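This report concerns only the one structure given below.
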Amino acid sequence: MNDQTHAPILVVDDNSEDFVALSRAFRHHAVPNPVVHCASGEQALEYLQGRGQHLAGPCALPVLVLLDLNMPGLDGRDVLATLKQEPALHVIPVIIFTTSANARDVEECYRLGANSYLTKPMAYRALEEKVGLLTRYWLGACELPHPA
């Protein structure tokens, strides 16, 4: 793992069951990073920008963001576009983690600046495997930027 094990992983997903399964998969792979959950796009931007109930902002910007696309209100595309336009946040890797395998969604997300696009598997065992691949690549193999 790289030297950013103290930085959190931000999961933005309105489905609490998906978040619980993801957290369990991270624990299974002994990921040392804390996992922070935002249940909406609005909550994620408040957290990252230090607004609303998160006035001080996060103690440390996330090492990466796992972002669901289809959420009520601000959806994942809106959050992605905002993150990639903000100078203090645009370097954070954003991994789209969604059930949609629609080619138009994939194209649009990469056009908006997504760093990766992964579909959520339905079976827990497959989710665990995908989280293992994700963590080995993003937290082990990659040299990640240090957000400002």
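Any read-out appearing in this document is the output of simple, stated calculations on the displayed coordinates, not a laboratory observation. What you see is a predicted model, and the numbers here were worked out from it, not measured in a lab. Cβ atoms come from the backbone with ideal geometry, glycine included; neighbour counts cover every protein chain shown.
With all projection directions averaged, the alpha carbon convex hull of the chain covers 8.1 nm². The residues packed around Ala25, meaning those with a beta-carbon under 14 Å from its beta-carbon, carry a net charge of +1 if Lys and Arg are +1 and Asp and Glu are -1. The stretch between His90 and Ala39 holds 16.3 nm of extra length on full extension. This uses 0.36 nm per residue minus the Cα-Cα distance. When the GluC sites (Glu not before Pro) in segment 77-148 are filtered for DSSP coil states and for at most 11 other beta-carbon atoms within 10 Å of their beta-carbon, the remaining sites are Glu143. If only the Cβ of Lys and Arg carry +1 and only the Cβ of Asp and Glu carry -1, the dipole of the chain around its Cα centre is close to 300 debye.
Think of the chain as a dipole: +1 on every Lys or Arg Cβ, -1 on every Asp or Glu Cβ, centred on the Cα centre; then among Thr82, Ala21, Thr135, Thr135 lies furthest on the positive end. With 0.36 nm allotted per residue and the present C-alpha distance subtracted, the His29-Ala141 stretch has 38.8 nm of extension available.
Neighbours of Ile92 by Cβ distance under 11 Å: Lys/Arg scored +1, Asp/Glu scored -1, total 0. Summing Lys and Arg as +1 and Asp and Glu as -1 over all other residues whose Cβ lies under 10 Å from the Cβ of Leu45 gives a net charge of -3.
In this simple spin-label model, placing a label point 7 Å from the Cα along the Cα-to-Cβ direction at both Asn15 and Tyr124 gives a separation of 1.5 nm.
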